[in-house]
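Below is one structure, written out as C-alpha coordinates, with a few remarks after it.
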Amino acid sequence: MFDYSQLSAALIEGNWESTRELARAAVDAGANPQDVIYQALQPGMDIVGERYSSGEYFLPDLLKAARSMNAALEIVRPLIKNEEMLKAGKIVIGTVKGDMHDIGKNIVALFLNGVGFEVLDLGTNVSDQRFVDEVRKSKPHILGLSALLTTTMYKFGDVIQLLTKEDLRSQVKVIVGGATITAEFAKRMGADAYARDGGEAIKVCKQLLLS
(Lines give C-alpha, C1' and ligand atoms only; values in the text may rest on other atoms or scores of the structure.)
Protein backbone atom coordinates (compact mmCIF):
# COMPACT_ATOMS: atom_id res chain seq x y z
CA MET A 1 0.00 0.00 0.00
CA PHE A 2 1.26 3.45 -0.91
CA ASP A 3 2.47 5.71 1.90
CA TYR A 4 0.56 8.96 1.55
CA SER A 5 2.11 10.75 4.52
CA GLN A 6 4.67 12.69 2.47
CA LEU A 7 2.01 13.80 0.01
CA SER A 8 -0.25 15.03 2.81
CA ALA A 9 2.68 16.80 4.47
CA ALA A 10 3.63 18.61 1.26
CA LEU A 11 0.07 19.86 0.84
CA ILE A 12 -0.14 20.98 4.48
CA GLU A 13 3.15 22.87 4.07
CA GLY A 14 1.84 24.51 0.90
CA ASN A 15 4.64 23.17 -1.29
CA TRP A 16 2.74 22.86 -4.55
CA GLU A 17 5.65 21.55 -6.61
CA SER A 18 6.33 18.70 -4.18
CA THR A 19 2.62 17.98 -3.90
CA ARG A 20 2.33 17.66 -7.66
CA GLU A 21 5.46 15.51 -7.95
CA LEU A 22 4.39 13.18 -5.13
CA ALA A 23 0.92 12.82 -6.62
CA ARG A 24 2.49 11.89 -9.96
CA ALA A 25 4.83 9.44 -8.23
CA ALA A 26 1.88 7.86 -6.45
CA VAL A 27 -0.13 7.17 -9.60
CA ASP A 28 3.01 6.05 -11.47
CA ALA A 29 3.59 3.54 -8.67
CA GLY A 30 0.09 2.16 -9.15
CA ALA A 31 -1.83 4.04 -6.47
CA ASN A 32 -5.56 4.35 -7.01
CA PRO A 33 -6.24 7.97 -8.05
CA GLN A 34 -9.29 8.10 -5.78
CA ASP A 35 -7.14 6.95 -2.86
CA VAL A 36 -4.73 9.80 -3.58
CA ILE A 37 -7.63 12.21 -3.12
CA TYR A 38 -9.41 10.62 -0.19
CA GLN A 39 -6.44 9.30 1.77
CA ALA A 40 -3.91 12.10 1.19
CA LEU A 41 -5.28 15.34 -0.22
CA GLN A 42 -8.56 15.67 1.64
CA PRO A 43 -7.10 14.66 5.05
CA GLY A 44 -4.36 17.21 4.41
CA MET A 45 -6.93 19.94 3.77
CA ASP A 46 -8.74 18.91 6.95
CA ILE A 47 -5.55 19.63 8.89
CA VAL A 48 -5.08 22.96 7.09
CA GLY A 49 -8.62 23.86 8.11
CA GLU A 50 -7.96 22.97 11.75
CA ARG A 51 -4.79 25.07 11.79
CA TYR A 52 -6.58 28.00 10.18
CA SER A 53 -9.35 27.84 12.78
CA SER A 54 -6.86 27.67 15.64
CA GLY A 55 -4.93 30.70 14.38
CA GLU A 56 -1.82 28.71 13.57
CA TYR A 57 -2.36 29.27 9.85
CA PHE A 58 -3.33 32.49 8.09
CA LEU A 59 -4.80 33.35 4.68
CA PRO A 60 -1.46 33.04 2.80
CA ASP A 61 -1.02 29.53 4.24
CA LEU A 62 -4.53 28.66 3.11
CA LEU A 63 -3.90 29.92 -0.41
CA LYS A 64 -0.66 27.95 -0.67
CA ALA A 65 -2.41 24.79 0.45
CA ALA A 66 -5.21 25.39 -2.06
CA ARG A 67 -2.67 25.82 -4.85
CA SER A 68 -1.00 22.58 -3.78
CA MET A 69 -4.34 20.77 -3.76
CA ASN A 70 -5.14 21.97 -7.27
CA ALA A 71 -1.69 21.01 -8.53
CA ALA A 72 -2.21 17.44 -7.33
CA LEU A 73 -5.77 17.30 -8.68
CA GLU A 74 -4.44 18.21 -12.13
CA ILE A 75 -2.56 14.91 -12.01
CA VAL A 76 -5.25 12.61 -10.63
CA ARG A 77 -8.54 14.00 -11.97
CA PRO A 78 -7.93 13.02 -15.63
CA LEU A 79 -7.49 9.42 -14.43
CA ILE A 80 -10.90 9.27 -12.77
CA LYS A 81 -14.19 8.97 -14.60
CA ASN A 82 -16.71 11.60 -13.59
CA GLU A 83 -19.13 9.01 -12.26
CA GLU A 84 -16.41 7.64 -9.99
CA MET A 85 -15.78 10.98 -8.31
CA LEU A 86 -17.53 10.55 -5.03
CA LYS A 87 -18.43 13.87 -3.45
CA ALA A 88 -18.89 14.56 0.23
CA GLY A 89 -22.14 16.37 -0.55
CA LYS A 90 -23.55 19.27 -2.52
CA ILE A 91 -23.59 22.81 -1.15
CA VAL A 92 -25.09 25.99 -2.55
CA ILE A 93 -23.48 29.09 -1.05
CA GLY A 94 -23.82 32.83 -1.48
CA THR A 95 -23.86 36.26 0.16
CA VAL A 96 -27.35 37.59 0.87
CA LYS A 97 -29.19 40.43 -0.87
CA GLY A 98 -27.72 43.89 -0.25
CA ASP A 99 -24.28 42.57 0.78
CA MET A 100 -21.34 42.60 -1.64
CA HIS A 101 -18.74 41.09 0.71
CA ASP A 102 -17.29 37.81 -0.47
CA ILE A 103 -13.84 37.19 1.05
CA GLY A 104 -15.12 35.07 3.91
CA LYS A 105 -17.58 33.24 1.66
CA ASN A 106 -14.85 32.51 -0.87
CA ILE A 107 -12.58 31.07 1.80
CA VAL A 108 -15.36 28.81 3.07
CA ALA A 109 -16.12 27.65 -0.47
CA LEU A 110 -12.43 26.97 -1.05
CA PHE A 111 -12.17 24.84 2.09
CA LEU A 112 -15.33 22.87 1.36
CA ASN A 113 -14.35 22.22 -2.24
CA GLY A 114 -10.91 21.12 -1.06
CA VAL A 115 -12.32 18.37 1.15
CA GLY A 116 -14.65 16.98 -1.48
CA PHE A 117 -17.88 18.95 -1.34
CA GLU A 118 -19.48 19.97 -4.62
CA VAL A 119 -19.84 23.72 -4.15
CA LEU A 120 -22.09 25.95 -6.24
CA ASP A 121 -21.22 29.57 -5.43
CA LEU A 122 -23.98 32.04 -6.35
CA GLY A 123 -21.77 35.03 -5.59
CA THR A 124 -22.86 38.19 -3.74
CA ASN A 125 -26.06 40.21 -3.45
CA VAL A 126 -28.14 37.07 -3.97
CA SER A 127 -31.91 37.50 -3.66
CA ASP A 128 -34.01 35.36 -1.36
CA GLN A 129 -35.86 33.92 -4.33
CA ARG A 130 -32.69 32.97 -6.17
CA PHE A 131 -31.48 30.99 -3.16
CA VAL A 132 -34.80 29.19 -2.99
CA ASP A 133 -34.94 28.57 -6.74
CA GLU A 134 -31.43 27.10 -6.65
CA VAL A 135 -32.36 24.79 -3.77
CA ARG A 136 -35.31 23.55 -5.81
CA LYS A 137 -33.22 23.16 -8.96
CA SER A 138 -29.92 21.76 -7.63
CA LYS A 139 -31.27 19.87 -4.60
CA PRO A 140 -28.20 20.54 -2.42
CA HIS A 141 -27.67 18.88 0.92
CA ILE A 142 -26.69 22.20 2.48
CA LEU A 143 -27.42 25.89 1.82
CA GLY A 144 -24.74 28.29 3.03
CA LEU A 145 -25.71 31.93 3.66
CA SER A 146 -23.13 34.64 4.30
CA ALA A 147 -23.49 38.24 5.49
CA LEU A 148 -21.09 40.79 6.92
CA LEU A 149 -23.28 43.85 7.47
CA THR A 150 -25.59 44.22 10.44
CA THR A 151 -28.14 45.60 7.98
CA THR A 152 -28.14 42.41 5.87
CA MET A 153 -27.70 39.65 8.44
CA TYR A 154 -31.46 39.49 9.02
CA LYS A 155 -31.86 38.28 5.43
CA PHE A 156 -30.97 34.83 6.79
CA GLY A 157 -34.41 34.67 8.38
CA ASP A 158 -36.10 35.89 5.19
CA VAL A 159 -34.47 33.16 3.09
CA ILE A 160 -35.35 30.47 5.63
CA GLN A 161 -38.95 31.68 5.85
CA LEU A 162 -39.22 31.57 2.04
CA LEU A 163 -37.84 28.04 2.00
CA THR A 164 -40.56 27.10 4.48
CA LYS A 165 -43.26 28.87 2.47
CA GLU A 166 -42.28 26.97 -0.67
CA ASP A 167 -42.12 23.60 1.14
CA LEU A 168 -38.35 23.25 0.73
CA ARG A 169 -37.10 23.80 4.27
CA SER A 170 -37.15 20.12 5.21
CA GLN A 171 -35.09 19.25 2.14
CA VAL A 172 -31.97 21.25 2.97
CA LYS A 173 -29.79 22.09 5.96
CA VAL A 174 -28.94 25.78 6.37
CA ILE A 175 -25.60 27.00 7.69
CA VAL A 176 -24.83 30.70 8.15
CA GLY A 177 -21.74 32.76 8.84
CA GLY A 178 -20.08 36.15 8.73
CA ALA A 179 -17.98 38.42 10.92
CA THR A 180 -21.01 39.88 12.71
CA ILE A 181 -22.82 36.57 13.17
CA THR A 182 -22.98 34.48 16.33
CA ALA A 183 -24.29 30.98 17.00
CA GLU A 184 -27.12 32.50 19.04
CA PHE A 185 -28.17 34.78 16.18
CA ALA A 186 -28.05 31.86 13.73
CA LYS A 187 -30.41 29.91 15.95
CA ARG A 188 -32.78 32.89 16.22
CA MET A 189 -32.93 33.10 12.43
CA GLY A 190 -33.87 29.43 12.18
CA ALA A 191 -30.58 28.14 10.77
CA ASP A 192 -29.41 24.61 11.46
CA ALA A 193 -25.82 25.64 12.14
CA TYR A 194 -23.23 28.39 12.29
CA ALA A 195 -19.53 28.39 11.41
CA ARG A 196 -17.09 31.19 12.13
CA ASP A 197 -14.61 30.31 9.36
CA GLY A 198 -13.70 27.81 6.65
CA GLY A 199 -11.99 25.38 8.97
CA GLU A 200 -15.00 25.15 11.25
CA ALA A 201 -17.34 24.96 8.26
CA ILE A 202 -15.73 21.67 7.21
CA LYS A 203 -16.57 20.03 10.54
CA VAL A 204 -20.03 21.55 10.78
CA CYS A 205 -21.04 20.60 7.24
CA LYS A 206 -19.87 17.03 7.72
CA GLN A 207 -21.95 16.88 10.90
CA LEU A 208 -24.98 18.26 9.08
CA LEU A 209 -24.77 15.47 6.51
CA LEU A 210 -25.03 12.94 9.33
CA SER A 211 -27.96 14.62 11.09
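Any chance region 167-183 includes a residue that's out of contact with any Lys or Arg (no Cβ under 6 Å at 6 or more places or on another chain), over 21 Å from G104 (Cα atoms) and surrounded by 22 or more Cβ atoms within 10 Å (Cβ to Cβ)?
yes
Go through region 184-210 and report how many residues are outside any helix (DSSP H, G or I) and over 20 Å from P43 (Cβ atoms).
As a first pass, look at region 184-210 and keep what is outside any helix (DSSP H, G or I): 190-197.
In the following step, the residues that additionally are over 20 Å from P43 (Cβ atoms) were identified as 190-194, 196.
Residues flagged as outside any helix (DSSP H, G or I) and over 20 Å from P43 (Cβ atoms) within region 184-210 amount to 6.
Quick one: in region 7-54, of everything that is of a type in the set (F, W, Y) and more than 19 Å from V108 (Cβ to Cβ), which residue is surrounded by the fewest Cβ atoms within 10 Å (Cβ to Cβ)? Write out each step before concluding.
To start, the set of residues in region 7-54 that are of a type in the set (F, W, Y) comprises 16, 38, 52.
Still in the running and more than 19 Å from V108 (Cβ to Cβ): 16, 38.
Working: W16: 19, Y38: 16.
That would be Y38.
Check E200 against each of (1) touching a helix residue (DSSP H, G or I) at 6+ places or on another chain (Cβ under 7 Å); (2) over 30 Å from V36 (Cα atoms) and name the one condition it does not meet.
(2)
Looking only at region 124-148, how many residues end up being free of Cβ contacts under 8 Å to residues at least 12 places away in the same chain and either part of a strand (DSSP E or B) or of a type in the set (A, V, I, L, M, F, W, C) (or both)?
Counting residues in region 124-148 that are free of Cβ contacts under 8 Å to residues at least 12 places away in the same chain and either part of a strand (DSSP E or B) or of a type in the set (A, V, I, L, M, F, W, C) (or both) gives 0.
Can you confirm whether region 76-91 contains a residue that is at pLDDT 90 or above and either assigned to a helix (DSSP H, G or I) or over 23 Å from I175 (Cβ atoms) (or both)?
no
Quick check on my filter: what residues within region 114-123 are in contact with a strand residue (DSSP E or B) (Cβ under 6 Å, 6 or more places away or on another chain) and not in a loop (DSSP other than H, G, I, E, B)?
Within region 114-123, F117, E118, V119, L120, D121 qualify.
The values are calculated or read from the model by the stated rules, or taken from the named source; none is laboratory data. Please read these numbers as outputs of a predicted model, since none were measured by experiment. Reconstructed Cβ throughout: ideal geometry from the backbone, glycine too, with neighbour counts over all protein chains shown.
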